[in-house]
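Notes to accompany the following structure.
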Amino acid sequence: VQLQACGGGLVQPGGSLRLSCAASESILNINIMAWYRQAPGKQREMIATISRSGSTNYADSVKGRFTISRDNAKSALYLEMNNLSPEDTAIYYCSTWSRTMTQFWGQGTQVTVSS
């Protein structure tokens, strides 16, 4: 499956952004989908996951501010980000796994939080 993320940009502290990730094929049979981010000089980290049934998990750093969702009919994954801070500046990636546990990545979208 090919993934394409979009929706990043420059936002002021306290602002909001909504990231989208379009899949090249149906995600109805895909269980876990995830958002990762990689800040400059840091390792890529998983920040949110969502199962096919809609169960979600979040990293402590984004819990209460970010919301992951998916639209299986549109083969799309979303990340609603609120109350953004400069520490959220990173490249954000969507990702998923095949049944053989091959991990697929989107190309990444830059989020910059700055005044």
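The values are calculated or read from the model by the stated rules, or taken from the named source; none is laboratory data. It should be emphasised that the depicted structure is a prediction, and the values quoted were computed from it without experimental measurement. Methodologically, a virtual Cβ is constructed for each residue, glycine included, from the backbone with ideal geometry; neighbour enumeration extends over all protein chains shown. Quick note on the areas: whole protein, heavy atoms, side chains included, nothing else; ligands and nucleic acids left out. Shrake-Rupley method; radii C 1.70, N 1.55, O 1.52, S 1.80 Å.
Which whole-number percentage describes the relative contact order of the chain, with Cα contacts under 8 Å and a sequence gap of 6 or more?
37 percent
Using a 7 Å offset from Cα along Cα-Cβ at Leu10, what residues in the stretch 67-103 end up with backbone N under 19 Å from the label point?
84-92
Quick one: compute the contact order of the stretch 22-77, relative version, from alpha carbon pairs under 8 angstrom and 6+ residues apart, as a percent.
Across the stretch 22-77, relative contact order equals 38 percent.
Might you list the cysteines of the chain that have no disulfide-compatible partner by the rule of another cysteine's Cβ under 4.7 Å?
Among the cysteines of the chain, those whose Cβ sits 4.7 Å or more from every other are Cys6.
Just want the answer: with Cβ charges of +1 for Lys and Arg and -1 for Asp and Glu, which residue in Leu28, Thr112, Leu10 is farthest toward the dipole's positive end in the chain?
Value computed over the given set: Leu28.
Determine which residues of the stretch 1-26 fall in the zone a paramagnetic label at Asp71 would reach in this model, i.e. backbone nitrogen under 16 Å from the point 7 Å along Cα→Cβ.
Residues passing the 16 Å test: 4-7, 18-26.
If you put +1 on each Lys and Arg Cβ and -1 on each Asp and Glu Cβ, how big is the dipole of the chain around its Cα centre, in Debye rounded to 20?
Roughly 160 debye, rounded to the nearest 20.
Taking the solvent-accessible surface of protein heavy atoms with a 1.4 Å probe, what is the per residue accessible area of the stretch 53-115 in Å²?
Solvent-accessible surface per residue comes out at 53 Å².
When the accessible area of the chain is split by element with a 1.4 Å probe, what percent falls to carbon and sulfur?
For the chain, the apolar C and S fraction of the accessible surface comes to 47 percent.
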